[in-house]
Amino acid sequence: MKKDVFKPLVLASAITLALTSCSSSDDESDSNTGNNNNGNTTEVTGSAYAPNGSVASFHSATHPLFAWTSRLIFSPAIAAITGLQPVTGATVELIEIDDDGNQVGEVIATTSTSITGSYTLTIPSGVTLSGNLIVRITGNGNTEMRAQVVEQAVDITPVSEFVLQKFIADDTDLDQLTTASVVKLTGEVEEFDLTATADLSSMLAQLETEVGEFVDTSIDTITQVAGDTTALAGSYRLIGLSLGLHDDDMQYNVGTLGTDLYRDDFNVTSSGTGSVNIQLTRSESAWSNFTVFDNTVNLEYYADIETENETIPGTFSSSGILTVEGEFEEDIDGDYAWRFPASTLQFQKAATSDVFFGIFGDAGVRYQTVDTNNDGIKDALDPNQREGDEVFRELNILAKAPSDFSASDMSGTYGAVELAIEQDQSGMQHFKVATFSITFEGTSTFSATQSQYDEFERSFSTFQLTNGTDTESGGDGQLQVSSSGEITAIGGDDADGFFSADGSLMAIYESEFIDDSNPDDGAVNQVEYELMLALKQPASTISIASNTYRVQMLAQRWEGNATASVTTGFSSMLTVDATGSSATANLHIREAAKDSYTADVEASSEILVPQSITIEPNDGPGKRVITLTFEDGSVLKAIGSFNADGSTGIFKVRAGESAEAEPDTLGIMILQELSGG
């Protein structure tokens, strides 16, 4: 399916929650044991739910789980957690906690759940509903299931416990949380279909894998300090690349690799402190599906240009983060329909220019459709006819457009990274990353160096890596650039691309098909995609010492016919030491993988802390080679360059099992210095 960055899919998962209570009673009772009095009181009602109706014992699900896709995604109206049963006869305690999750003072009030799992608890006068007021059920081994009492209807579930744990882990001021923020986040998590794991600890670990980053991103949005949006106003262009993995739930022995290159145009206006309106005015996209069945390929390519008029609200923080929140969506298109859970997209602004970068990981479920009114048109999704999962990993660049751009704004040398994809109907595929330099001498004429490249090439029966100098690249040429920074031609040939408002970023992109054999159904013989990003380099040596960078990476790992899309989460950080020659990092690595073209998509998420990171100069004042070595001996090498002040860097990535081994992973990495917006 075509991807749209502002209507994205988010991870959803197949988890069954299992939680058990250690006490049993068929009666619902209510007693206040804390600071109760006969003044005004408040009643809180709700229910406690867990698989098997217990809080301390679990038994494992029979279905294996994988991240970012769902066994069934329900709309908000029918959201459900499969397998939950009432927790009966459990003691419910009302307490206050500090921001570290520790109980403060005595238990305020207690009650018990009924045979239906429901409870009613009286909150004494003087106790205020807030994010640090908690209802708690305790099982064997002091296992707790808790929920925040921010309103009078509060269910106690594994999701409420998970959300509370995430607020605590993210150092949130619990008593400052609004009712709306807690209820909304809990509700969004509950929109995902959740199905049982073995026990509470493994279930919470699985929730971390499945929805942890989504919750972290949402909490980051809730706790952000509003930034000044006045200077953001203007016209923007977004270029994005999405890599998709589709499966069929092992029904037909069919699998698909999807590629989508898209360009969107926006007008951004300030709507108050920390708030913006983003008006989409134009969208352009080219997307293809490389679908494999029985070692044969069906290659389809489509392109679309649309005039748009849709306004999306966003927020902008003092730390330079632009956030756009989406809602649950259901799309119907002919024989198929898709369900997408809620989403939160975050773009990090470059420290010294109006350029934003964002890496997103999305997923949805594909279904068959049905004709509900017998008019010959399929008009509804059939939830009982799953067709498979679709998982996407995306790189997005959003840049403010100039209003009076000229050739002098290009003057200087740009360090470029290019990512290229090629696929054909015979089953041959190429995935290539390359670095090179482009120099302008105050005019639109440029000279480019030969590129240094790494390239995967595979068919159904062969696989190889090639690297070195591309002797056919480089040379002189001329750009045609408009006053709004649009690149319209290179060397007399039509081209697509743009410069950012300050000329610090250049982006050029291209997609094409070859030998269209049936234009009516999209079938083609070959497709090609190219995306080049280039930063203007410093004229003299710069220091990046003591800088902290957000790490955003999109990469592919190929091993024979196995494919994995690898990204870093938004919380991934790298801090350079005082010498500028080494660093430390904490990387949230997310992976969606298929063991073969037709295998199910499986996903994983882990935090990796490199054992060592070295940073070396590389033939130019802004160029660096960054080498990350991990505990298992694997090595990731990032080769590229920083911009004029060292606040943003773009690198090609190659990674392998050791320093001596050939890389099995290639991609692109963005480093952005953290600073105010």
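Checking the structure you have, find out if any residue of the stretch 185-195 is assigned by TED's automatic domain parsing to the domain that holds PRO86, touching a Gly at 6+ places or on another chain (Cβ under 9 Å) and at pLDDT below 90. Checked the stretch 185-195: at least one residue is assigned by TED's automatic domain parsing to the domain that holds PRO86, touching a Gly at 6+ places or on another chain (Cβ under 9 Å) and at pLDDT below 90.
Could we say that SER130 is touching an Asp or Glu at 6+ places or on another chain (Cβ under 6 Å), under 25 Å from THR217 (Cα atoms) and not assigned by TED's automatic domain parsing to the domain that holds GLU330 here? Considered against the rule, which asks whether it is touching an Asp or Glu at 6+ places or on another chain (Cβ under 6 Å), under 25 Å from THR217 (Cα atoms) and not assigned by TED's automatic domain parsing to the domain that holds GLU330, SER130 comes out as yes. Pairs are defined by a Cβ separation below 6 Å, a sequence spacing of at least 6 or placement on different chains, a first member in the stretch 607-619 that is within 13 Å of THR579 (Cβ to Cβ), and a second member that is basic (Lys, Arg) and part of a strand (DSSP E or B); the pairs so defined are ILE615/ARG624. Checked against the criterion of being of a type outside the set (S, T, N, Q) and farther than 27 Å from GLU528 by Cα, the candidates LEU261, LEU322 yield just one match: LEU322.
Please pick out the residue among SER612, SER634 that is under 17 Å from SER546 (Cα atoms) and among the polar types (S, T, N, Q). Lay out the reasoning, then the answer.
Numbers: SER634 fails: under 17 Å from SER546 (Cα atoms).
The unique qualifying residue is SER612.
When SER408 is tested against (1) at pLDDT 95 or above; (2) of a type in the set (Ser, Thr, Tyr); (3) more than 29 Å from the chain's Cα centre (by Cα), only condition (1) is not met.
Scan SER582, SER511, SER543 and give me the residue that is closer than 23 Å to ILE438 by Cα and surrounded by fewer than 20 Cβ atoms within 10 Å (Cβ to Cβ). Just one listed residue meets the conditions, SER543. Scanning the stretch 257-304 for residues that are in contact with a Leu (Cβ under 8 Å, 6 or more places away or on another chain), surrounded by fewer than 17 Cβ atoms within 10 Å (Cβ to Cβ) and basic (Lys, Arg) turns up nothing. In summary, strands (runs of 3 or more DSSP E) completely within the stretch 312-354 and bearing 2 or more residues that are crowded, with 19+ Cβ neighbours inside 10 Å and touching a residue at least 60 places away in the same chain (Cβ under 8 Å) occur at 321-326, 336-340, 343-349.
For the stretch 325-353, the candidate set comprises residues that are of a type in the set (A, V, I, L, M, F, W, C) and in contact with a Pro (Cβ under 8 Å, 6 or more places away or on another chain); within that set, the residue that is modelled with the highest pLDDT is LEU345.
So if I check each of LEU479, LEU465, which one is in contact (Cβ under 8 Å) with a residue 40 or more places away in the chain, part of a strand (DSSP E or B) and buried (at least 19 other Cβ atoms within 10 Å of the Cβ)? So that I can check it myself, show each step before the final result.
Numbers: LEU465 fails: buried (at least 19 other Cβ atoms within 10 Å of the Cβ).
Checking each option against the conditions leaves just LEU479.
Hey, any hits in the stretch 386-398 for a residue that's assigned by TED's automatic domain parsing to the domain that holds GLY274 and surrounded by fewer than 17 Cβ atoms within 10 Å (Cβ to Cβ)? No: the stretch 386-398 contains no residue that is assigned by TED's automatic domain parsing to the domain that holds GLY274 and surrounded by fewer than 17 Cβ atoms within 10 Å (Cβ to Cβ). What about LEU531, is it modelled with pLDDT of 95 or more, assigned by TED's automatic domain parsing to the domain that holds PHE436 and of a type outside the set (Asp, Glu)? Against the criterion (modelled with pLDDT of 95 or more, assigned by TED's automatic domain parsing to the domain that holds PHE436 and of a type outside the set (Asp, Glu)), LEU531 qualifies.
Go through the stretch 125-144 and give me each residue that's at pLDDT below 90, part of a strand (DSSP E or B) and of a type outside the set (Ser, Thr, Tyr). Matches in the stretch 125-144: GLU144 only.
Listed here are the residues, each with its yes/no results for (1) crowded, with 19+ Cβ neighbours inside 10 Å; (2) at pLDDT 95 or above; (3) touching a helix residue (DSSP H, G or I) at 6+ places or on another chain (Cβ under 9 Å).
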| site | (1), (2), (3) |
| --- | --- |
| THR614 | no, yes, no |
| ASP619 | no, no, no |
| ALA644 | yes, no, no |
| VAL653 | yes, yes, no |
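The values are calculated or read from the model by the stated rules, or taken from the named source; none is laboratory data. Keep in mind the model is a prediction, meaning the values are calculated, not measured. Cβ: placed from backbone, ideal geometry, glycine included. Neighbour counts: every protein chain shown.
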